[in-house]
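Asker: Quick one: structure below, then a few questions.
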Amino acid sequence: MTDKKMQPLQAVKGMNDILPPESARWEWLEAKMRGVLQRYGYQNVRTPIVEPTALFVRGIGEVTDIVEKEMYAFEDRADKHGQAEHLALRPEMTAGVVRAVTEHSFLRDAPRRLYYFGPMFRREKPQKGRYRQFHQMGVEALGFAGPDVDAEVILMGSRLLRELGLRAGEHVRLELNCLGDLAERRAHREALIAHLEQHKALLDEDSQRRLYTNPLRVLDTKNPALQDMANAAPKLLDFLGEASLAHFNGVRAILDSVGIAYTINPRLVRGLDYYNLTVFEWITDKLGSQGTVCGGGRYDGLIEQLGGKPAPAVGFGMGIERMLLLLEEVGAIPAAPAPDVYAIVPDPADMPRLLPALEALRESGVAVQMHAGGGSFKSQFKKADASGARFALVFGADELARGEVAVKPLRDGGDQVNRPLSAVPSWAAELLPA
Ligand code: ATP
Ligand code: MG
């Protein structure tokens, strides 16, 4: 043994700890989201964080940023036959949900509305609003073909943003596009490749490589030098046939009827290969180039592509970290919850006499933080104040001798009163917030 002190280890770069009081914001946001999801009839789904690598390669597409560069993929240890599985940390959850519903024949009897929360992993350059472990809330409406459900998920997202205190136009805006079907994308692809070939010298390395493998993705480029070229590219919208246009117009008509504002962005293609028809993003100008807080669309071919019985579907994913950054930016996050009361216990030996009263308070719904570890009256009062509680309960020797507790208001003034320990339910309500 050496007595050399060990260096403490640190979290993996781009992967964050979430400690109080920040964690309270997460809980608040998650509760808000659940409330909205439940009002639209969406049910929770939980799938593993680790999936076979092939699921993402097949689902997301080989020539995408995620699969080419960002995936945490590894070979598991070999089993006794020397076979090692290729596994990956999920970079997104739609592929996992599709695998799960297929594996459990979950769409056999009825279409399903599902939602999830959870961590995703992408090896990106960490910066504000972009991490290597980040979190998403997402929804998947599986087995629905019509524009009605596209409009529903957009409407639900819009309500969520509004109920969180974000205003359309001012804080977030909705962009919409239609990617058509496979044949339409093929026809557009020809024209797009011709256009890109004309500007070949301009293309960056990524775009050069994708010119023939995934030209649509070139339009997704964030390279400022390519914006003019991308804006002038042939638009997929001009290649849409009657059925795709009818679908797109169907979505638009519903959104118009409920007054949801959007702009059509012909260059919106999204970073994953599985989308068709409707795609959309909620974007903010307040987070720089990490401005997409929510993105989604229809993926009618994915379930079949992953070996399931063909079924249409639509969904979106919302970045929790970006939502919190945005909400913070616009001042829409409430203060972290404080306990209702802080129990001051001058003599720890009295604990057995006062604990039943604290439990009775908790039984009545009062949030009680009990002082632990002894210490002077003064230091305990300081802690009571710092806790943010509205009342201190003082279990002093005199009070306890009379079978009482002193209730001292800490915030809004008012007089200290004594209350009987034997009848907590009769006065518990006065400690709850109005
Ligand atoms: P971007 O264009 O910003 O890279 P994306 O198109 O890759 O986003 P999606 O795959 O659609 O993002 O994921 C849905 C949402 O998840 C995004 O809109 C964003 O809010 C969030 N998100 C994606 N990648 C990250 C990341 N690395 N860190 C934090 N949030 C992320
Ligand atoms: Mg990305």
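Asker: Just from the alpha-carbon atoms, what are the Rg and Dmax of the chain in angstroms?
Answerer: Every Cα atom of the chain included, Rg and Dmax give 27.8, 92 Å.
Asker: What is the sum of charges, Lys and Arg at +1 and Asp and Glu at -1, for the other residues whose Cβ falls under 14 Å from the Cβ of Gln10? Show your work: numbers first, answer last.
Answerer: Values: positive: Lys13, Arg132; negative: Asp17.
Computed value for this residue: +1.
Asker: Now a separate question. Counting DSSP beta bridges with both partners in the range 341-431, what percentage is antiparallel, nearest 5? Could you put the intermediate results ahead of the total?
Answerer: Details: 8 of 15 bridges.
DSSP beta bridges in the range 341-431 are roughly 55 percent antiparallel.
Asker: A follow-up question, please. Please give the per residue accessible area of the chain, computed with a probe of 1.4 Å over protein heavy atoms only, in Å². All intermediate terms of the calculation are to be shown ahead of the outcome.
Answerer: Details: 21930 Å² over 434 residues.
Heavy-atom SASA per residue in the chain reads 51 Å².
Asker: Rounded to the nearest Å, what's the spacing between the alpha carbon centres of the range 60-92 and the range 209-252? Just the number, please.
Answerer: 30 Å
Asker: Normalising by the residue count of the chain, find the relative contact order in percent from Cα pairs under 8 Å and 6+ residues apart.
Answerer: On the way: 720 pairs, mean separation 64.2, N = 434.
RCO, the chain: 15 percent.
Asker: Follow-up. Order 246-256, 292-302, 41-51, 112-122 from most to least packed using the mean count of other Cβ atoms within 10 Å.
Answerer: 292-302, 112-122, 246-256, 41-51
Asker: Please go through the residue pairs Lys378/Lys408; Lys235/Lys286; Lys32/Lys125 and name each one whose alpha carbons sit more than 19 Å apart in this structure.
Answerer: Details: Lys378/Lys408 14 Å; Lys235/Lys286 28 Å; Lys32/Lys125 30 Å.
Too far apart for the 19 Å limit: Lys235/Lys286; Lys32/Lys125.
Asker: Here is a further query. Which whole-angstrom value gives the distance between the alpha carbon centres of the range 396-416 and the range 257-294?
Answerer: 56 Å
Asker: Still on this structure: Rank-order 389-397, 208-216 by packing density, defined as the average count of other C-beta atoms within 10 Å over each peptide's residues, highest first.
Answerer: Ranking, from highest mean packing down: 389-397, 208-216.
Asker: Once the range 349-429 is represented by equal point scatterers at the alpha-carbon sites, with solvent omitted, what log10 I(q)/I(0) does the Debye formula produce at q = 0.12, 0.16, 0.19 Å⁻¹?
Answerer: -0.32, -0.59, -0.86
Asker: If you don't mind, there's one more thing I want to ask. How far, in nm, would the chain grow between Glu329 and Glu242 when pulled straight, counting 0.36 nm per residue and subtracting the alpha carbon separation?
Answerer: 27.0 nm
Asker: Distance from the Cα centre of the range 339-376 to that of the range 1-42, in angstrom?
Answerer: 28 Å
Asker: Oh, and also: To the nearest 10 degrees, how steep is helix 351-363 against the longest Cα principal axis of the chain, on a 0 to 90 scale?
Answerer: That helix lies at roughly 40 degrees to the long axis.
Asker: Give me the angle, in degrees from 0 to 90, between the Cα long axis of helix 182-198 and the longest principal axis of the Cα atoms of the chain, rounded to the nearest 10.
Answerer: 80 degrees
Asker: Also, quick follow-up: Sorted by mean Cβ packing within 10 Å, highest first, what order do the peptides 272-280, 410-418 take? Walk me through the numbers before you get to the answer.
Answerer: Working: 272-280: 24.4, 410-418: 10.9.
In decreasing order of mean packing, 272-280, 410-418 become 272-280, 410-418.
Asker: Count charges around Gly403 for me, please; just the other residues with Cβ under 15 Å from its Cβ, Lys/Arg as +1, Asp/Glu as -1.
Answerer: Values: positive: Arg353, Arg402, Arg419; negative: Asp350, Asp398, Glu399, Glu404.
Net local charge, Gly403 excluded: -1.
Asker: What is the sum of charges around Gly59, taking Lys and Arg as +1, Asp and Glu as -1, for the other residues whose C-beta is under 13 Å from the C-beta of Gly59? The partial results should precede the final answer.
Answerer: Numbers: positive: Arg58, Arg90, Arg99; negative: Glu51, Glu62, Glu92, Glu140, Asp273, Glu304.
Here the charged neighbours net out to -3.
Asker: Right, something else. When the accessible area of the chain is computed with all protein chains present and a 1.4 Å probe, what percentage of it is carbon and sulfur? Walk me through the intermediate numbers first.
Answerer: Values: 11320 of 21930 Å².
Exposed carbon and sulfur together represent 52 percent of the surface.
Asker: Could you work out the relative contact order of the range 133-255? I mean the mean sequence separation of Cα pairs under 8 Å and 6+ apart, divided by the number of residues, in percent. Show your work: numbers first, answer last.
Answerer: On the way: 75 pairs, mean separation 47.0, N = 123.
In percent, rounded to a whole number, it is 38.
The values are calculated or read from the model by the stated rules, or taken from the named source; none is laboratory data. As the structure is a prediction and not an experimental result, all values here were calculated from the model. Methodologically, a virtual Cβ is constructed for each residue, glycine included, from the backbone with ideal geometry; neighbour enumeration extends over all protein chains shown. For the accessible areas, the whole protein counts, side chains as well, though only heavy atoms, and no ligand, DNA or RNA atoms are used. Shrake-Rupley method; radii C 1.70, N 1.55, O 1.52, S 1.80 Å.
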